[in-house]
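Here's the structure, in structure tokens; my notes come after.
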Amino acid sequence: MNVKTPPHPGSKKDVSRQGGCFHKYLFSKILRQTLSLVPSPSYPMPSVTVENYLKQIYLLQQGGELAPMGGLAVAVGVTPGTATSMVKTLADANLADYAPRAGVRLTEAGTRLALQVLRRHRLIELFLVQTLGLDWSEVHDEAEELEHAISDKVLEKIDALLGHPDTDPHGDPIPPSTGKPRQQKLTPLTECTPDMAGEVARVTDQAAEFLQFVDRQGLTPGAQFTVESQSPTADAITVRPHNREPVTLGTAAAMKIMVKVEE
Ligand SMILES: [Zn+2]
């Protein structure tokens, strides 16, 4: 038989499993060494893998719920089995609480580390857009790499250079160097009614195509707009960004644009 198996979309899974036992041994050794230093404020950065898990768990458990293991595996790009064993390791290190069949939640120590990663990610994104002139649709992937490499010293310089910003180019809150990020009350654009005025605050779908679309429509964070009409029958909302032509968006797209509504 000469049947070729097409590469399937989950081929990333197999790559992460290459390297076998030695890889695993080395990884857990490094992890133990790193994590044993966690309580000290001057500990070296945890590994890239640990940081990515903590960040994804944090993002998935927004709203105080447990992060589902299936969603976590997809977000990190591994098999559910790999995600489960990593989460158990994080639990052993007191960075997460794992509830079998229910999900995972970060401990206080895990949350602190996750917020540091998000702070680095979001400040880097803003730096790449504002200082280096990259497009907001291309900075996420760059920040994914740089967030693990940058020193605290450079990060705080970037923060000062940018004037200690509150949000990144997509409107995501930048966690402060200590403490929790402030919560902003935002409304999905779908909940706006005709004649309402508001300002775009955050775009939750950060796929490059969607960001480019939002940009073309003049609805990037900071843009002021007025709602012209809303039609549940057509499943659409028409808004007019200031000084621009009106734009009609379907509910699916409008749901991914969070706004501050003028009271
Ligand atoms: Zn962002």
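The values are calculated or read from the model by the stated rules, or taken from the named source; none is laboratory data. No experiment lies behind these values; they were computed from the predicted model shown. As a convention, Cβ positions derive from the backbone with ideal geometry for all residues, glycine included, and neighbour counts pool all protein chains shown.
Observations on the model:
- Looking across the range 61-81, just one residue is touching a residue at least 40 places away in the same chain (Cβ under 8 Å) and within 14 Å of TYR98 (Cβ to Cβ), and that is GLN61.
- Test: residue in the range 180-189 that is hydrophobic (A, V, I, L, M, F, W, C) and away from the ligand (no atom under 16 Å from the Cβ): yes
- One residue alone among ARG112, ARG182, ARG119 is of a type in the set (D, E, K, R), free of Cβ contacts under 8 Å to residues at least 40 places away in the same chain and either under 21 Å from ALA67 (Cβ atoms) or buried (at least 21 other Cβ atoms within 10 Å of the Cβ) (or both), and that residue is ARG112.
- Answer residue from the range 190-207, given it is in a loop (DSSP other than H, G, I, E, B) and within 22 Å of the chain's Cα centre (by Cα) and is nearest to the ligand (Cβ to nearest atom) among those: GLN206
- Boolean, SER229 is under 24 Å from ASN52 (Cα atoms) and of a type in the set (S, T, N, Q): no
- The set of residues from the range 208-223 being assigned to a helix (DSSP H, G or I) and β-branched (Val, Ile, Thr) comprises just one member, VAL214.
- The residues of the range 106-121 that are in contact with a strand residue (DSSP E or B) (Cβ under 8 Å, 6 or more places away or on another chain) and within 16 Å of the ligand (Cβ to nearest atom) amount to a single one, ALA114.
- All of (1) out of contact with any Lys or Arg (no Cβ under 6 Å at 6 or more places or on another chain); (2) of a type in the set (Val, Ile, Thr); (3) part of a strand (DSSP E or B) hold for THR226 with one exception: (1).
- The set of residues in the range 135-164 that are within 12 Å of the ligand (Cβ to nearest atom) and closer than 22 Å to ALA201 by Cα comprises TRP136, SER137, GLU138, VAL139, HIS140, ASP141, ALA143.
- Residues satisfying the stated conditions in the range 213-229, i.e. closer than 20 Å to ARG122 by Cβ and surrounded by fewer than 19 Cβ atoms within 10 Å (Cβ to Cβ): ASP215, THR220, GLY222
This table checks each residue for (1) out of contact with any His (no Cβ under 9 Å at 6 or more places or on another chain); (2) at pLDDT 95 or above; (3) surrounded by fewer than 17 Cβ atoms within 10 Å (Cβ to Cβ).
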{"residue": "CYS192", "(1), (2), (3)": "yes, no, no"}
{"residue": "ASP195", "(1), (2), (3)": "yes, no, yes"}
{"residue": "SER231", "(1), (2), (3)": "yes, no, yes"}
{"residue": "VAL239", "(1), (2), (3)": "yes, yes, no"}
{"residue": "ARG244", "(1), (2), (3)": "yes, no, yes"}
{"residue": "GLU262", "(1), (2), (3)": "yes, no, yes"}
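- Filter pass, VAL129 being within 15 Å of the ligand (Cβ to nearest atom) and out of contact with any Cys (no Cβ under 8 Å at 6 or more places or on another chain): yes
- Residue check for GLY103: more than 16 Å from the ligand (Cβ to nearest atom) and within 16 Å of the chain's Cα centre (by Cα): no
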